Amino acid sequence: MARKITIEPVTRVEGHGKVTIHLDDSNNVAQSRLHVVEFRGFERFVQGRPYWEAPVLVQRLCGICPVSHHLAAAKAMDVIVGAGTGDGLTPTGEKMRRLMHYGQMFQSHTLHFFHLASPDLLFGIDADPAIRNVIGVVLEHKDLAVQAVLMRKFGQEIIRATAGKKIHGTGAIPGGINKNLSPEERDEFLKGADPLNADKMISWAQAAVDLFKDFHSKHKDMLDNFAVFPSNHLSLVRKDGAMDLYHGVLRAVDANGKKILNDVDYQDYYNHIGEEVKNWSYMKFPYLKSIGKKDGWYTVGPLARLNTCDFIPTPLAQKEFEIYRAYTNGKPNNMSMHMHWARLIENLHAAEMIKQLLLDKDLQGKNLVTKGKKQLEGVGLLEAPRGTLFHHYKINEQDQIVMANLIVSTTNNNEPMNRAVSHVAKSVFTGKAEITEGMMNSVEVAIRAYDPCLSCATHALGRMPLEVSLYDSKGALVDSRRK
Amino acid sequence: MGGVLVYGYGNPGRQDDGLGPALVGMLERERIPGVVTDCNYQLQIEDAVAVSESDAVIFVDALSVGGEPFTFGELEPSNDITFTTHTMSPASVLALSHELYGRPPRAYLLAIRGYEWELVEGLSQAAAGNLEAAFRFIGPRIGEILAGIGRDAVTEGSAIRH
């Protein structure tokens, strides 16, 4: 009987994930899987509720990226109130939402780099976990830590100014926005006391990219060879091919860069994307229908976005994008650890976009909402920090939601995360009889590159986030690790 | 900033997970001089800034096991980092604040027992009772903490009413 190694975060309510690595009697990896228990109750819960409640209701789904759900639902409701499919909002409405979105992107990407990536990159995967963490970074790289904390704070303040409040923000409403940005708020972000201003955020975001490039130059072997596998890539892009994290058309490329989904309107996403159910995971496996279930899976998120777009429409990020693309000779980058590089380039883009938007007088406009002829169905898509987020709703004549379908970023990345785990498992577990901290962390590093949202909406004390258990050939527990 | 920061965290859209923000909402209505309130879905690294600027901090969270109707105790900084970016413990926020700014305030955790965690707005009946008990308890404790840091919490009729 083969042994089974389990890595399982135990949660009470929403999704939880575990990694099972099946070893044969010779301790070779026979099979590895990332199981994610996805909470799907939300789609039933929202049925019967008035459509205009959706942008607030959906924030119950996730306490980590509530802004992304808030905006995706609002975009779907724009269609339902007849405000068009992304291009019908007033300039103030659209630009306030974009500011909110890029604020979210900035704080989320900053957190991921500082909290998850930098400890592994600065200390190494095999480093003592006592130092390979946020506090370790603080002790060894205090300037970086201070920057990260204040970058997060800046992003959160952008969200507060646009969404209205931290919990259950109400800024985006069907057809627009419920407030503009006052000149005082704008000036605080543009000219705030050093370091809390847009220019400093851009310079720190640039420094983070430079830090990664410096690390990469010294650790190419690890970063270029860890969990590398060919993948399709999918994201929104602007109609002219530019990176656009808020709105655009759906584009997918294969591992060689060939377009396999050619800039389609996402209102018809269901004609292009299917969702496969597998009996060993509650989380579905999306795929491109034109390719089929077996080979149609794709990656979303920073790596995918830099593989699908033609250029980045802000100067500093574009310069970094050119360096990044040149590294793979213009071909799609399929190196999982380069997700961190891509994420930091996006973070620089987000900082530049925030300043660009703050300088736009439309943010002080008074015309906030667009309405038109009511529709009974709407789809809202955007690029959340972790990848493409789909919200699809149908309503009845009584304005009640009768159908909701959400494909969240982590679901889109289900297959690539499994592939990443499989590659790492075969690399580090083969021939090993026990779990070391470094082995366990290697699997985590592969998963964390995708920044999955496995268990986020509730957090109450009493939860234990991660467990590794090792069973012998008779099924008896012989080793266990918990963190 | 100074004073006492009362920071509730949790998701009010998931029933009793919203106990922390609910208690903060009750405190906000009392407008106690020297008390600053804040809440969010979870604690994060930037909260170390506000923590460092306070004389004392009371974190308020939901509790999923034991401790009825609530538990209250002093916290020490601790480096208990979790698997994801998605939350930090109050002790790790304290540790971060300490290491970054070198000024750890006195810190306490009020953990209120909850029971239901579904996609529903509003507390379960049992949790609401625990919230009332925690609110009755925390008022005098805040007064003691404020007095300990040189502020008078009960001047001009501003103390928490029970």
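Computed from the coordinates by the stated procedures, all read-outs in this text should not be read as laboratory data. Computed from a predicted model, the values in this text were never measured in an experiment. With ideal geometry, Cβ positions are generated from the backbone for all residues, glycine too; neighbour counts draw on all protein chains shown.
Tabulated values for the structure
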{"item": "Local electrostatic count at A:Tyr327 - Lys and Arg +1, Asp and Glu -1, tallied over other residues with Cβ under 14 Å", "result": "+2"}
{"item": "Ranked list, fewest to most other Cβ atoms within 10 Å of each Cβ, for A:Asp360, A:Asp240", "result": "A:Asp240, A:Asp360"}
{"item": "Region A:152-285, relative contact order [Cα under 8 Å, separation at least 6], %", "result": "9 percent"}
{"item": "Approximate spin-label separation A:Ser182-A:Arg44, in nm, with each point projected 7 Å along Cα-to-Cβ", "result": "4.6 nm"}
{"item": "Degrees, to the nearest 10: A:142-163 long Cα axis against longest axis of chain A", "result": "40 degrees"}
{"item": "Amide N proximity, region A:169-194 versus A:Lys371 label position 7 Å along Cα-to-Cβ, cut-off under 18 Å", "result": "A:172-179"}
{"item": "Chain A: angle of helix A:198-218 to the longest principal axis, Cα-based, in degrees nearest 10", "result": "20 degrees"}
{"item": "FRET efficiency, 1/(1 + (r/R0)^6) with R0 30 Å, evaluated for B:Glu118 and A:Glu397 via beta carbons", "result": "0.55"}
{"item": "Length-normalised contact order for chain A - Cα pairs under 8 Å, 6+ apart - percent", "result": "27 percent"}
{"item": "Förster radius 60 Å - calculated FRET efficiency between A:Lys259 and B:Gln125, Cβ distance, rounded to 0.05", "result": "0.60"}
{"item": "Per-pair calculated FRET efficiency, R0 = 60 Å: A:Glu322 and B:Phe72 via Cβ, rounded to 0.05", "result": "0.60"}
{"item": "Peptide ranges A:264-271, A:51-58 listed from the most packed, as the mean C-beta count within 10 angstrom indicates", "result": "A:51-58, A:264-271"}
{"item": "Cα shape, region A:217-374, gyration tensor, a/c 1.5 rule", "result": "oblate"}
{"item": "Helix runs (DSSP H) in chain B reaching 18 Å along axis by Cα, Kyte-Doolittle at least -1.0", "result": "B:125-148"}
{"item": "Two-site label geometry, B:Tyr101 and A:Met222: point separation in nm, points 7 Å out along Cα→Cβ", "result": "3.2 nm"}
{"item": "Pairwise label distance in nanometres, A:Thr436 with A:Leu359, each label 7 Å out on the Cα-Cβ vector", "result": "5.2 nm"}
{"item": "Per DSSP, loop trypsin sites (Lys or Arg not before Pro) in region A:243-277 with at most 14 further Cβ within 10 Å", "result": "A:Lys258"}
{"item": "Rounded, prolate or oblate (a/c below 1.5 giving rounded, otherwise prolate when a/b exceeds b/c) for region A:317-402 by Cα gyration tensor", "result": "oblate"}
{"item": "Ranked A:His22, A:His338, B:His98, criterion: other C-beta atoms within 10 Å, fewest first", "result": "A:His22, B:His98, A:His338"}
{"item": "Fewest-first ranking of A:Lys319, A:Lys220, A:Lys18, using other Cβ atoms within 10 Å as the exposure measure", "result": "A:Lys220, A:Lys319, A:Lys18"}
{"item": "0 to 90° range, to nearest 10: angle between helix A:66-80 axis and chain A longest Cα axis", "result": "50 degrees"}
{"item": "D (Stokes-Einstein, µm²/s), Kirkwood Cα radius, chain A, 0.890 mPa s at 25 °C", "result": "107 µm²/s"}
